[in-house]
Amino acid sequence: MMRILIGASLLLASPALAEVKPGPGQDTVEANCAACHTTDYIRMNAPFLTQDGWKAEVGKMRTAFGSPIDDAVAAEIVQYLATQYGPKK
Amino acid sequence: MQRRTVLAGLGSVAATAAQAAQKPNWMSPALPDGTRDEAILVRPPGKQSLIQLTDRPPNYETPINAFANPITANDRFFVRYHLAAVPTMEELKDWSLTVGGDAADRAVKFAMADLKKNFTQVEVTAVCQCSGNRRGLFDPHVPGVEWGYGAMGNAVWRGVRLKDLLAKAGVKSDAVEVWFAGADGPVMPATPPFRKSLPVALAQRDDVIVATSMNGQPLPHLNGFPARLVVPGWTGTYWMKHLTSIEVSTKPMTNFWVQKAYRVPAGMFPVDLPFASQNDSATWPITEMVVNSLIAAPLDGAKVGRSGFTVRGVAWDRGHGIKTVEVSFDGGKTWKPAELGRDLGNYAFRSFSLASGALPPGPCVVSARAVSNKGETQAVALVRNPAGYHHNVPQTLTVTVA
């Protein structure tokens, strides 16, 4: 783990976290999603993913990529993404 | 879990306020709104201006105008990582490459000096293109990294033949695949590390190499320093960066990256060399590229004079070479053959150009389409597939004649 953190920090210049929209669940998204990847992945995949689409993406993070989040956290993340980054109504 | 606020911002931002106005020049309006909003021009370490889609893991594409040259400069070459633990140049100083596996006679280990001194050095000019290049142009959109046109590049790769390395380890008759691993890795221990394999028959092909040089220079850090696999004709997913381990195996590789990701509906796209050990009844691994072309100049939305302009671009396929490129100046009603540039080899970009001649004022819709020596043509309509691969619908752009 140390190797990873040293490796990453040498590459990285700006201290800012990519910004996501404020709203219920924002902290949960930043704490969990941003552990492995920038939240630019969220903005990049908006606003075309529906609630089911975001659910599939979060599910993939758990089943394919080994994210340790539980059902409740996953549901909170999906709700945030669908609300803030779902299709425009 | 702690917020890792320190882990963001790989590149320095090259443009800020003026950027919104610039976007139409380097981003297709067909990309998702969110992508057009978050993508920015940056200069990652060791690179000139690239389009940042994400910085962690680093995913940068090459702006279209760089493809006016059929060789993509190292400092404009696109960058693609799945996972964020990119090894530093310091860590890569101790690099070595092991070759072994259950279908090898023995395990051997090579330092960079061994590769340079003890093996024949060979060169191949070949296109490295991300499987998902142009995914962002799919309609309806497909989730993933929303690439525009620039997740590709063409370089002169120099290094040693994979088959020569395999011969040092000895390939047993029951070998099925050759497995590859690189030095980059995941952040979470539970995330599957990125690993890929090739059919053993392809691994023995003369032009599949372990490259230690790119366009006459060491590989850039973010393009796989100090050695990467080069698989001419096959999509970039097989071109393992920071290559550290090669295993000759009696079994097909099993992991997320080969069994779930990088797959296309069975038989949807043409292949010459099937990857039979990874095929199932419904899906095949994505392997060989499809014939395609890109107009690098003029840019969409450009203003041109009535004396006309010259269309310049590149065409490529999966290794048969380019037979013709045709250009239309009237939205696809009529097509004229373009002049082809120097032949850099069947796996390389083939440049093309055609002058429009004098034009009436008003909008002029420009398009290009390539045909390979195999007779394969670009798709007339998008060939939809679940992961958004192999987009090769002819690009259409509009310039204003005034």
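Derivation of every value follows stated rules applied to the coordinates shown; laboratory data play no part. Note that the coordinates shown come from a computational prediction; the quantities given were computed from them, not determined experimentally. Cβ: placed from backbone, ideal geometry, glycine included. Neighbour counts: every protein chain shown.
Scan region A:31-56 for residues that are surrounded by fewer than 19 Cβ atoms within 10 Å (Cβ to Cβ) and either of a type in the set (A, V, I, L, M, F, W, C) or under 22 Å from residue B:189 (Cα atoms) (or both) and the total you get is 3. For residue A:81, state whether it is in contact with a Leu (Cβ under 9 Å, 6 or more places away or on another chain), under 29 Å from residue B:51 (Cβ atoms) and assigned to a loop (DSSP other than H, G, I, E, B). No; evaluated as a whole, the condition is false for this residue.
Restricting attention to region B:355-393, the residues that are within 21 Å of residue B:69 (Cα to Cα) and either touching a helix residue (DSSP H, G or I) at 6+ places or on another chain (Cβ under 6 Å) or buried (at least 20 other Cβ atoms within 10 Å of the Cβ) (or both) total 7.
Listed here are the residues, each with its yes/no results for (1) part of a loop (DSSP other than H, G, I, E, B); (2) over 16 Å from residue B:127 (Cα atoms).
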{"residue": "B:323", "(1), (2)": "no, yes"}
{"residue": "B:334", "(1), (2)": "yes, yes"}
{"residue": "B:344", "(1), (2)": "yes, no"}
{"residue": "B:369", "(1), (2)": "no, yes"}
{"residue": "B:386", "(1), (2)": "yes, yes"}
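A count restricted to region B:183-198 and to residues that are part of a loop (DSSP other than H, G, I, E, B) and either touching a residue at least 24 places away in the same chain (Cβ under 8 Å) or of a type in the set (Asp, Glu) (or both) stands at 8. Here is the figure for region A:35-51: residues that are more than 7 Å from chain B (Cβ to nearest Cβ) and not β-branched (Val, Ile, Thr) total 1. Filtering region B:328-355 to residues that are among the hydrophobic types (A, V, I, L, M, F, W, C), under 27 Å from residue B:307 (Cβ atoms) and within 24 Å of the chain's Cα centre (by Cα) leaves B:340, B:352. If you check B:232, B:226 for being in a loop (DSSP other than H, G, I, E, B) and over 14 Å from residue B:74 (Cβ atoms), only one passes: B:232. Restricting attention to region B:36-67, the residues that are charged (D, E, K, R), closer than 30 Å to residue B:343 by Cα and outside any strand (DSSP E or B) total 1. Applying the selection to region B:50-67, what residues are at the interface with chain A (Cβ under 8 Å from one of its Cβ atoms), more than 16 Å from the chain's Cα centre (by Cα) and in contact (Cβ under 8 Å) with a residue 60 or more places away in the chain? If the condition is that a residue be at the interface with chain A (Cβ under 8 Å from one of its Cβ atoms), more than 16 Å from the chain's Cα centre (by Cα) and in contact (Cβ under 8 Å) with a residue 60 or more places away in the chain, then B:54 is the only one that fits.
Testing residue A:71 on (1) facing chain B (nearest Cβ under 10 Å); (2) without any contact (Cβ under 8 Å) to a residue 12 or more places away in the chain; (3) of a type in the set (D, E, K, R), one condition comes back false. Which one is that? Going through (1) facing chain B (nearest Cβ under 10 Å); (2) without any contact (Cβ under 8 Å) to a residue 12 or more places away in the chain; (3) of a type in the set (D, E, K, R) one by one, residue A:71 breaks only (1). If you go through region B:248-302 and pick out every residue that is in a strand (DSSP E or B), closer than 18 Å to residue B:127 by Cα and in contact with a His (Cβ under 9 Å, 6 or more places away or on another chain), you end up with 1.
Could you tell me which residue of region B:121-152 is surrounded by the fewest Cβ atoms within 10 Å (Cβ to Cβ), considering only residues that are of a type in the set (Gly, Ala, Ser) and under 21 Å from residue A:44 (Cβ atoms)? The residue in question is B:144. Might you let me know whether region B:36-49 holds any residue that is within 14 Å of chain A (Cβ to nearest Cβ) and hydroxyl-bearing (Ser, Thr, Tyr)? The answer is no; no qualifying residue exists.
Taking region B:230-266 as the range and being over 23 Å from residue B:103 (Cβ atoms) and charged (D, E, K, R) as the test, the residues that pass are B:241, B:260, B:263.
Listed conditions (1) under 16 Å from residue B:97 (Cα atoms); (2) in contact with a helix residue (DSSP H, G or I) (Cβ under 9 Å, 6 or more places away or on another chain) are all met by residue B:171, apart from (1).
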